[in-house]
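Everything below concerns the one structure shown next.
The values are calculated or read from the model by the stated rules, or taken from the named source; none is laboratory data. Predicted, not measured: the structure shown is a model, and the values here were computed from it. Here Cβ is always computed from backbone atoms with ideal geometry, including for glycine, and neighbour counts include all displayed protein chains.
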Amino acid sequence: MEKIISKYMKEIQKHVGYVALIGRPNVGKSTFLNTLLWEKVSITSPVPQTTRRRVLGIYNTSDAQIIFFDTPGIHQSQKEFNQKINSEAIRSLKDADYVVYCIDSSRSDGFEDAEILHLLKEKNIDFLTVYTKSDLPTKREIPQHALQISSKESTGFHQVLEHIKKHLPISHLWYPEEYYTDQDMYFRISEVVREKIFLSTKEELPHSVFVEIEEIEDKPEILRIQAYIYTETESQKYILIWKWGSLLTKIGTWARNDLEGIFEKKVFLSLRVKVAPKWRKSEKILKKILGEK
Ligand SMILES: Nc1nc2c(ncn2[C@@H]2O[C@H](COP(=O)(O)OP(=O)(O)OP(=O)(O)O)[C@@H](O)[C@H]2O)c(=O)[nH]1
Ligand SMILES: [Mg+2]
């Protein structure tokens, strides 16, 4: 979205700023943002590394505009694709006024947490530690006054938001108050389709897939979408199309239902599967996926 700051936005003064959500994969960063905004801005799944690029979600209240960056989970990998995803998260740290570092209380400590902490301290970044999934049994030491949230039960949010506000400067608004994201329709649709693939397939398949929207016809009464799912191999394509009684139909129906909710109109979604061998090594495709120009 091209940012237009209106006269009205200039006149309003609130706690306004950018806040990056950082943490290992699967700690619940995206779920927190969706629950807070009451909108699906960022896809979620039990598969680690669901989020691949920075997603913006804007939380507006009477005294604050908190512009969250949901980021990909930081993890260690030798693969170039994963390193690119990691650098998306690290880049967000630079652009943020404040950082919320999410730790999954239902999982024991991992070396990635030590690395993230090291990164935050090395860059001298002001951050708030938040323990997520407090509805689940705890698998780690949680300091006595630590902030804890559960997105499943919507608890602990108030304290976190109050804490964040205190760390944001008083400024004019950066976005109109009715905006909750800056994503374009193409990205949003491709992400919803990808989420359904992540939720319906296993092992390497979710990570071997990307989705491209070929065409959108947006009419007042119907949204027509032609989308392609790209896999790395023929056998993955076969799994999507033929195994388990057309998984593709299930993914399509599920995605269409979500899209009708998001865009509040009837949706016609055509999904086709193509093979793009070694796409995770293609600069051109990576740029597209990461939204780079
Ligand atoms: N029980 C419980 N599960 C949660 C909670 N928050 C998230 N989850 C689950 O944890 C899994 C991962 O959630 P995500 O929000 O996708 O995690 P993420 O940190 O964005 O993961 P990446 O995008 O891979 O970095 C999903 O299956 C969520 O349903 C919570 O508060 N309680
Ligand atoms: Mg995520």
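General observations
- Test: residue in the stretch 188-210 that is surrounded by fewer than 15 Cβ atoms within 10 Å (Cβ to Cβ) and not in a loop (DSSP other than H, G, I, E, B): no
- Residue among GLY156, GLY73 that alone is touching a Pro at 6+ places or on another chain (Cβ under 6 Å), closer than 24 Å to GLY17 by Cα, buried (at least 16 other Cβ atoms within 10 Å of the Cβ) and at pLDDT 95 or above: GLY73
Conditions (1) of a type in the set (D, E, K, R); (2) under 20 Å from SER190 (Cβ atoms), marked per residue:
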| site | (1), (2) |
| --- | --- |
| ASP218 | yes, yes |
| ILE222 | no, yes |
| TYR228 | no, yes |
| GLN236 | no, yes |
| LYS243 | yes, no |
| LEU247 | no, yes |
| LYS250 | yes, yes |
| ARG256 | yes, yes |
| LEU259 | no, yes |
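- From the list ASP97, ASP70, ASP63, the lone residue that is among the acidic types (Asp, Glu) and within 11 Å of ligand 2 (Cβ to nearest atom) is ASP70.
- When the residues of the stretch 33-51 are filtered to those that are within 11 Å of ligand 1 (Cβ to nearest atom) and touching a Leu at 6+ places or on another chain (Cβ under 7 Å), the one that is farthest from ASP95 (Cα to Cα) is SER45.
- The number of residues in the stretch 1-56 being within 14 Å of the chain's Cα centre (by Cα), outside any strand (DSSP E or B) and aliphatic (A, V, I, L, M) comes to 7.
- Only one entry of THR35, THR31, THR51 meets the criterion of being hydroxyl-bearing (Ser, Thr, Tyr), within 25 Å of THR138 (Cβ to Cβ) and more than 11 Å from ligand 2 (Cβ to nearest atom), and that entry is THR35.
- Any hit, the stretch 81-101, residues being in a strand (DSSP E or B), hydrophobic (A, V, I, L, M, F, W, C) and closer than 28 Å to GLN144 by Cα: yes
- Within the stretch 139-168, residues that are among the acidic types (Asp, Glu) sit with their Cβ atoms under 6 Å from residues that are modelled with pLDDT of 95 or more and not in a helix (DSSP H, G or I), at 6+ positions apart or across chains, in these pairs: GLU153/ASP135.
- Yes/no for GLN83 being modelled with pLDDT under 95, among the polar types (S, T, N, Q), in contact with a Ser or Thr (Cβ under 8 Å, 6 or more places away or on another chain) and surrounded by fewer than 22 Cβ atoms within 10 Å (Cβ to Cβ): yes
- Remark: pairs (first residue in the stretch 32-49, under 24 Å from HIS75 (Cα atoms); second residue within 6 Å of ligand 1 (Cβ to nearest atom) and part of a helix (DSSP H, G or I); Cβ separation under 7 Å; 6+ apart in sequence or on different chains) = SER42/SER30; ILE43/SER30; THR44/SER30; THR44/THR31.
- ASN26 in contact with a Lys or Arg (Cβ under 6 Å, 6 or more places away or on another chain) and within 11 Å of ligand 2 (Cβ to nearest atom): no
- Residues satisfying the stated conditions in the stretch 226-262, i.e. free of Cβ contacts under 8 Å to residues at least 60 places away in the same chain, farther than 12 Å from LEU205 by Cβ and either in contact with a Leu (Cβ under 6 Å, 6 or more places away or on another chain) or of a type in the set (D, E, K, R) (or both): ALA227, GLU234, ILE241, LEU248, LYS250, GLY252, ARG256, GLU260
- Count - residues of the stretch 105-120 that are away from ligand 2 (no atom under 16 Å from the Cβ), farther than 21 Å from GLY156 by Cα and crowded, with 16+ Cβ neighbours inside 10 Å: 3
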